[in-house]
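*Asks:* For reference, the structure I am asking about is given below.
Laboratory data are not the source of any read-out in this text; all were calculated from the coordinates shown. On a predicted model such as this, the values are computed, not experimentally measured, just so you know. In this analysis, Cβ positions are derived from the backbone assuming ideal geometry, glycine residues included, and neighbour counts consider all displayed protein chains.
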Amino acid sequence: MDINKNILSVMKEKNMDTETLSKLTKLNKNTINDILDGKIEPLASDMLKIANALSTDIAKLLYQKQFEEKKAIKTSKNERVRVKRRDNFKYESLAPYYTGKHIEPFALEVYKTDSPDLSQHEGEEFHYVLNGKIKIVVNGEEFILENGDSMYFDSSLPHSVTSLTDKSRVIAAIYNPGSMIHSTKSRKMRDLIQAAKLLDKKNIVLISPDDTSLGAANKAIEENIVTNVYLVGSKEKIDLMCKNTLIHKNRYVFEYVENMDDNYEMECAKKGVEIIRKKKAQMIMKGKINTANFIKAILDKKDGISTKRRLSLVSIFELPNLNRLIFLTDAGINPELFPGDDINASIDIIKNAIDVAKSLGVAKPRVALLDANEMPSNKIPTTIYEKEISQMDWKDASVYGPLSYDLALYEDAVKKKGIKNNPVAGKADILVVPHIEGGNFLYKAWVMTMGAEVANIVLGAKAPIILTSRSDSDLTKFLTICSSAIYSDYIESK
């Protein structure tokens with residue numbers, strides 16, 4: 001992919017020079033020059049920043065084609081993109097520039113191997129042999145294909161492909177009806193998916209898996225966001241709870257814990273945290289385990305993965321008529337921003353949200369401390385504390401409060417109110433609520449009434465924490481994993 005050339009092309013379209021791009025993205029000018037010269041590939045978080053600065057989407061920077069619902073695109077033989085998927089295959093994408101496609105057509109070189117990988121995923125596959133001789137095994141049944149032979153099969157059945165000659169040449173088409181990029185109607189969320197696909201694949205450790213949590217992890221495997229999932233629990237419980245979703249067995253690492261009754265959940269959580277400590281996985285995900293036990297193992301002073309910051313939930317939204325992601329905190333973990341009137345307790349919550357926003361492409365986040373109105377009053381103590389916080393030195397963000405909801409998000413409201421020279425009013429990226437009730441009301445109103453799409457990350461540990469519930473949509477779960485993968489990549493690069 002000629003990412004550097006595509007960025008340069010868009011810069012030319014927008015009449016933007018390197019210095020301006022550096023200023024808007026907050027990326028070092030030398031880093032920008034290295035990206036544009038093709039010396040380094042940008043991080044996913046940097047790609048999101050560049051896309052934001054150029055008012056375009058990730059697809060435009062990757063393929064010089066913005067995402068469109070209906071289109072026709074020719075690919076010449078010189079435009080094919082080499083895609084490395086597995087050791088005994090070499091893939092060339094035959095339609096690399098058609099973003100959001102349901103069908104992936106490949107020119108495929110298959111090599112001989114004694115232990116072909118077993119695959120299983122939603123959809124269907126078609127293979128046509130150009131030359132050589134291959135063996136396809138579907139659900140235990142063997143098929144031998146020679147020159148001119150073809151085969152079509154349901155890829156939800158376990159299957160493998162290997163060459164019986166040293167090398168075979170195959171045309172393959174893989175159909176995925178559930179492509180998640182088609183499930184989102186939001187441009188910014190689509191960018192998150194595209195950015196996550198650019199990453200070196202991550203591993204997830206899943207504590208006490210069930211069908212719901214493993215189903216979300218499976219989707220991340222199928223969309224090439226995740227390589228392996230560590231499944232932590234007893235063999236009996238995993239087999240029972242995941243009987244419908246254990247479909248990628250060559251991509252699971254089983255970490256068995258004997259069923260120890262009262263101590264079982266804690267032992268599972270401890271083993272999962274240990275996998276993160278050993279850096280075998282980059283994200284930790286809650287399955288069917290009590291949240292208190294899950295969090296207790298994460299925060300354990302001796303063997304946990306705490307960063308000494310408070311844990312907080314950051315919810316990521318794309319709202320109608322706002323051409324930016326909105327980050328809401330905290331709608332699910334901390335009951336209040338200032339427990340016991342402690343101003344310092346709020347700092348971690350704000351910093352966590354700033355870190356997430358920066359990882360997802362916001363160069364210098366604008367943080368609004370929400371309250372009933374913009375006038376500090378002793379009758380509403382939180383407004384006094386918010387004013388004090390906004391007067392602190394925030395080097396990597398603009399923080400202001402108190403601000404009412406309308407003045408935080410909408411420039412028309414700011415103009416009508418006559419507010420001038422406020423760095424946050426009408427432009428907020430991050431909304432910080434004083435109490436969990438307010439955050440919970442906003443969250444549910446946006447999701448359930450407005451139909452807004454959302455991803456959720458819990459911060460404060462050495463790896464992003466993924467808490468999904470049965471009520472979350474498949475898209476919410478998938479976007480949460482995408483966002484967590486990008487954030488994980490961001491903290492690894494620091």
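*Asks:* How large are Rg and Dmax for the range 358-494 when calculated on the C-alpha trace, in angstrom?
*Replies:* Taking only Cα atoms of the range 358-494, I get Rg and Dmax of 16.5, 45 Å.
*Asks:* Which order results if Thr468, Thr245 are arranged by neighbouring Cβ count within 10 Å, fewest first?
*Replies:* Lowest to highest Cβ neighbour count: Thr245, Thr468.
*Asks:* Now for a separate question. Provide the net charge surrounding Glu274, with neighbours chosen by a C-beta distance below 10 Å and charges set as Lys +1, Arg +1, Asp -1, Glu -1.
*Replies:* For residues surrounding Glu274, the net value is +3.
*Asks:* Now for a different question. One quarter of the convex hull surface, Cα atoms only: what value does that give for the range 3-63 in nm²?
*Replies:* If I average the Cα hull's projected area over directions, I get 3.4 nm².
*Asks:* What list do you get for Lys14, Lys202 if you sort them by fewest beta carbons within 10 Å?
*Replies:* The most exposed by this proxy come first: Lys14, Lys202.
*Asks:* Here is a follow-up. Would you please give the residues with an amide H less than 5 Å from that of Met283, counting only those at least 5 places away or on a separate chain, with H modeled from the backbone geometry?
*Replies:* Close amide H contacts, sequence-distant or interchain: Asn203, Val205.
*Asks:* Still on this structure, please answer the following. HN-Hα J couplings of the range 230-242 from phi, Karplus 6.51/-1.76/1.60, θ = phi - 60°, integer Hz, Gly and Pro as x?
*Replies:* Per residue, the Karplus-derived 3J(HN,Hα) values read 7, 9, 10, x, 6, 4, 4, 6, 5, 4, 6, 6, 10 Hz.
*Asks:* What FRET efficiency, computed as 1/(1 + (r/R0)^6) with R0 = 45 Å and r the Cβ-Cβ distance, is obtained for Met375 and Arg309, rounded to the nearest 0.05?
*Replies:* Once rounded, the FRET efficiency stands at 0.90.
*Asks:* Determine, for Ser471, Ser483, the number of other Cβ atoms within 10 Å of each Cβ, and report the residues in order from fewest to most.
*Replies:* In increasing order of surrounding Cβ atoms, one gets Ser471, Ser483.
*Asks:* Sticking with this structure for a sec: Sort the chain into rounded, prolate or oblate with this rule: let a ≥ b ≥ c be the square roots of the eigenvalues of the Cα gyration tensor; rounded if a/c is under 1.5, and if a/c is not under 1.5, prolate when a/b is larger than b/c, oblate otherwise.
*Replies:* Here the chain falls in the oblate category.
*Asks:* Same structure again: Taking θ as phi - 60°, what are the ³J(HN,Hα) couplings along the range 14-19 by the Karplus curve (6.51, -1.76, 1.60), each to the nearest whole Hz, with x for Gly and Pro?
*Replies:* Those phi angles translate into 8, 6, 10, 9, 4, 4 Hz.
*Asks:* Rg to Rh for the range 396-445: what is it, with Cα atoms only and Rh by Kirkwood?
*Replies:* Computed over Cα atoms, the ratio is 0.99.
*Asks:* I would also like to ask the following. At 10 °C and 1.306 mPa s, what whole-number value in µm²/s does Stokes-Einstein give for the translational diffusion of the range 200-299, with Rh from the Kirkwood sum over Cα pairs?
*Replies:* Answer from the Stokes-Einstein relation: 121 µm²/s.
*Asks:* Just to confirm a number: summing +1 for Lys and Arg and -1 for Asp and Glu over residues other than Ser234 whose beta-carbon lies under 15 angstrom from that of Ser234, what do you get?
*Replies:* Once all neighbours under 15 Å are counted, the net charge is -3.
*Asks:* Additional query: Hey, can you grab everything whose amide H is under 5 Å from the amide H of Ser377? Only 5+ residues off in sequence or another chain; H modelled, so Pro and N-termini drop out.
*Replies:* Thr383, Ile384
*Asks:* Which aspartates and glutamates have a Cα less than 13 Å from the Cα of Lys197, not counting those fewer than 8 places away in the same chain?
*Replies:* The reachable aspartates and glutamates, counting only those whose Cα sits under 13 Å from Lys197, are Glu222, Glu223, Asp489.
*Asks:* Now for a different question. How much mean residue ellipticity at 222 nm does the chain get from its helices, if each DSSP H run of length 4 or more adds -39500 (n - 2.57) and you divide by all residues, to the nearest 500 deg cm²/dmol?
*Replies:* -9500 deg cm²/dmol
*Asks:* Do the alpha carbons of any pairs in Lys23/Lys60; Lys60/Lys358; Lys74/Lys201; Lys60/Lys280; Lys202/Lys477; Lys112/Lys237 sit beyond 26 Å of each other, and which pairs?
*Replies:* Violating the 26 Å Cα-Cα cut-off are Lys74/Lys201; Lys60/Lys280; Lys112/Lys237.
*Asks:* Okay, next question. Between rounded, prolate and oblate, where does the range 247-398 land on the alpha carbon gyration tensor, with a ≥ b ≥ c its root eigenvalues, rounded for a/c under 1.5, else prolate if a/b exceeds b/c?
*Replies:* Judged from the Cα gyration tensor, the range 247-398 comes out prolate (a/c at least 1.5, a/b above b/c).
*Asks:* Here's another thing I want to ask about it. Across the range 459-467, in residue order, what do the Karplus-derived ³J(HN,Hα) couplings come to in whole Hz, using 6.51 cos²θ - 1.76 cosθ + 1.60 with θ = phi - 60° and x for Gly and Pro?
*Replies:* Karplus-based 3J(HN,Hα) across the range 459-467 equals 10, x, 10, 6, 9, x, 9, 10, 10 Hz.
*Asks:* Then there's this: Using amide H atoms built 1.01 Å from N in the peptide plane, name the residues 5+ places from Glu453, or on other chains, whose amide H lies under 5 Å from its own.
*Replies:* Distant-sequence amide H within range of Glu453: Glu318.
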